[in-house]
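Structure first, commentary second.
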Amino acid sequence: MAGRIPRNFIDDLLARTDVVDVIDSLLPLKKKGANYSACCPFHNEKTPSFTVSQDKQFYHCFGCGVSGSAINFLMDYSHLDFVEAIEELASRAGVEVVREQGFEPDKPKRDLTPLLQMNENVNAFYQEQLKQHATADRAKKYLKNRGLTGEVAKVFQLGFAPSGWDNLLSSLGQDKESLDVLRELGLLITNENNRTYDRFRERIMFPIRNKRGQTIGFGGRILDSGEPKYLNSPETPLYHKGREVYGLHEALKSSSKIQHIVLVEGYLDVISLYQQGICNTVAALGTAITREHIDLLFRSVSELIICMDGDSAGQKAAWRAMTNALPALRRGRTIRVLVLEQGEDPDSVIREKGAAHFERLIDGATPLSTYFFDYLEAQCSLDSIEGRASYMEQAGPLLATLPKGHFETLMKKRLAELTKISSPRVNVAAQARFGSRQVTRRPTKKLPSAVRYLIKVLLHEPAFAKKIETDDTWLTLDLRGMDVLKQVLSIADENQALSSGMLLERFRGDVNEGAVKALFLEEKLVAGDAFEQEFLDAIECLKEQSREKRREELLKKAANWSDEETSEYRKLIKYKQEVRE
Ligand SMILES: [Zn+2]
């Protein structure tokens, strides 16, 4: 099981993240004074009361009360769970999510260079085998039969894994270190009898490269009729099939002006389209298209065309890809779907009918809105109440995942028209199913004012924690809220560059989470608030309370004072007089 994500990783991630960028990428913000604002995506409004503070790394809506850090925003807006939100932020920041292993202390980030280096060696090895190996003719013949030239094989760095159990093992796995790396990369397998052998045998090899062109894994297509037809690297520290696509590096390299990317099913589709001059295609790696794939692609282009095979499996895959893509459809991004005829796939179309024909098909691909309603209509008849109810049940929750905006509004309106259910109900049905977070403010326990005030100011200005000495006696006063104050101080002590958002994030799941957040929201999100004097006054007030307590303690045993106690009492009285003056 994956370990817990360590707190310091979340702190670091939030320190690298700008809440303004994160929100602005999903919901365009306008600068307004020191803050940014927009119409709230969580309630209906015409004048913006949704405010984002860059200074505090926090957002708040004065209309409906939602608030939080970049993590909260992704959770609420993009319907992600906590871990998914962290993963999204990590991918935006270009870092791997670190997880705790059992009870080991946080491990330093691993250097993946040796793994990448080995993959490059293996890639070169397979390419060499395709050129030189005695049995490579079969592989070459296969590629030729698929209509592929040596040129395109070079672009995609195609290779060959000969038959036999130890071609790679005996060439690159000579020492223990290399063996371990090859095993970790899934290129060698050691079975229960402790026998080690090559994973890929008698296959055409396709190196899988990430956007930057680094070889992160391999796919292999069998040459004879054996199973499985396609075999990929297992998940490794470099290769995550749910996050990478095949061909993106080559597509982006082919031109700097790619307008859209076509998503197809197989490696060979990508390569054969490329050879015909359609270079902007990618394929998923033997898995359904995920939201992460879609996000990855939308970082490079603003339009995606989903083109799956013309069989029922392909149709289902297209629908699933489209539904996974809905939450990513913010303003300016579009998706179209190209449904091929029964029995066709992109490779067969381009080989039989040519590139120009395929380009025309791409140009005429169906807009997502049309595809969405047509697909559902083929499943549920709109002629009966039952059919319309079932239509609504399928469509409502899916449309609820769309980011707020005109597209979402129009899609919901269309759904209402088709099902003859009035528009507001569409919203209700959609929201109820997805359990949109109810905005509730937990009641705050009333804290004595000075402690309460200190916490509030620290939440807004975590750097003020330095103004409090951690061994001050007043911190031992038995006052409500003192535990929370100490919690805040200890978090601030650990991390010098703490933002409000990070500090509040530390209270996630804590018994005091609600109280702390409510306290924070009592102040406006104004950048550079001048709290300092009041803050020092509140500390002074607590110091006086602490002295008063000590005076009372001393008075109780006045008859038996030692010399030190006598002089301590005098000092305490003097303080009292000074405070009065
Ligand atoms: Zn709101």
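Give me the net charge of residue 181's neighbourhood, meaning all other residues with Cβ under 13 Å from the Cβ of residue 181; Lys, Arg count +1, Asp, Glu -1.
Counting the neighbours of residue 181, the net charge comes to -3.
Set the Förster radius R0 to 45 Å, insert the Cβ-Cβ distance between residue 316 and residue 184 as r into 1/(1 + (r/R0)^6), and round the FRET efficiency to 0.05.
The computed FRET efficiency comes out at 0.85.
How big is the dipole moment of the chain about its Cα centre under a simple scheme where the beta carbon of each Lys and Arg is +1, that of each Asp and Glu is -1, and everything else is neutral? Debye, nearest 20, please.
Dipole size: approximately 1100 debye.
Of 533, 165, 196, which is farthest along the charge dipole of the chain in the positive direction, counting Lys and Arg as +1 and Asp and Glu as -1 at C-beta?
It is 533, whose Cα lies furthest towards the positive end.
Got a sec? Charge dipole of the chain, +1 on Cβ for Lys and Arg, -1 for Asp and Glu; which of 112, 181, 14 is way out at the positive end?
My answer, from the dipole projection, is 14.
Per residue of segment 490-505, what does 6.51 cos²θ - 1.76 cosθ + 1.60 with θ = phi - 60° give for ³J(HN,Hα)? Whole Hz please, x for Gly and Pro, Karplus curve as stated.
6, 5, 5, 5, 5, 10, 6, 9, 8, 9, 4, x, 5, 4, 5, 4
What is the chain by shape, rounded, prolate or oblate, if you read a ≥ b ≥ c off the alpha carbon gyration tensor as root eigenvalues and call it rounded for a/c under 1.5, prolate for a/b larger than b/c, and oblate otherwise? Don't jump to the answer; show the numbers that get you there.
Working: a/c = 3.22, a/b = 1.72, b/c = 1.87.
It is oblate, given that a/c is not under 1.5 and a/b is not larger than b/c.
What percent antiparallel are the DSSP beta bridges of the chain, to the nearest 5? Each step should come with its number before you reach the end.
Numbers: 32 of 45 bridges.
So the antiparallel bridges amount to about 70 percent of the total.
Could you order peptides 27-35, 6-14 by the average number of other Cβ atoms within 10 Å of their residues, highest first?
The most tightly packed comes first, giving 6-14, 27-35.
Using Cα positions and a limit of under 18 Å, work out the lysines in reach of residue 466, with same-chain residues fewer than 8 apart set aside.
Those lysines meeting the cut-off are 56, 456, 486, 543.
List, in order, the whole-Hz ³J(HN,Hα) value for each residue of segment 510-524 obtained from phi through the Karplus relation with A = 6.51, B = -1.76, C = 1.60 and θ = phi - 60°; use x for Gly and Pro.
7, 4, 8, 3, x, 5, 5, 5, 4, 5, 4, 6, 5, 9, 6
As a quick test, which of the pairs 31/412; 30/412; 131/229; 517/576; 353/413 have an alpha carbon distance above 32 angstrom in this structure? Don't skip to the end; give the middle numbers.
On the way: 31/412 30 Å; 30/412 26 Å; 131/229 22 Å; 517/576 35 Å; 353/413 40 Å.
Those over the limit are 517/576; 353/413.
Sorted by average packing, counted as other Cβ atoms within 10 angstrom per residue and highest first, what order do 266-278, 183-195, 236-248, 41-53 take?
My ranking of the peptides, most packed first, is 266-278, 236-248, 41-53, 183-195.
Determine which aspartates and glutamates satisfy two conditions relative to residue 404: a Cα distance under 18 Å, and not lying fewer than 8 residues away in the same chain.
21, 24, 45, 76, 295
Once you order the gyration tensor axes a ≥ b ≥ c over the Cα atoms, which shape class does segment 245-371 get: rounded for a/c under 1.5, otherwise prolate or oblate by comparing a/b with b/c?
On the way: a/c = 1.43, a/b = 1.14, b/c = 1.26.
Rounded, because the longest to shortest axis ratio a/c is under 1.5.
Place a +1 charge on the Cβ of each Lys and Arg in segment 7-93 and a -1 charge on the Cβ of each Asp and Glu, then give the dipole magnitude about the Cα centre in debye, rounded to the nearest 20.
On the way: 8 positive and 12 negative charges, 90 e Å.
With Lys and Arg at +1 and Asp and Glu at -1, about 440 debye.
With the dipole of the chain worked out from charges on the C-beta (+1 for Lys and Arg, -1 for Asp and Glu) around the Cα centre, which of 219, 394, 495 lies farthest toward the positive end?
394
As a check on your grasp of the helix formula, calculate [θ] at 222 nm for the chain: sum -39500 (n - 2.57) over DSSP H runs of n ≥ 4, divide by the residue count, round to the nearest 500.
The per-residue figure over the chain is -14500 deg cm²/dmol.
All of the numbers you see were taken from the coordinates with simple rules; none came from a lab. Owing to the predicted nature of the structure, the values given are computational and were not obtained by experimental measurement. Here the Cβ is made from the backbone with ideal geometry for all residues, glycine too, and neighbour counts use every protein chain on show.
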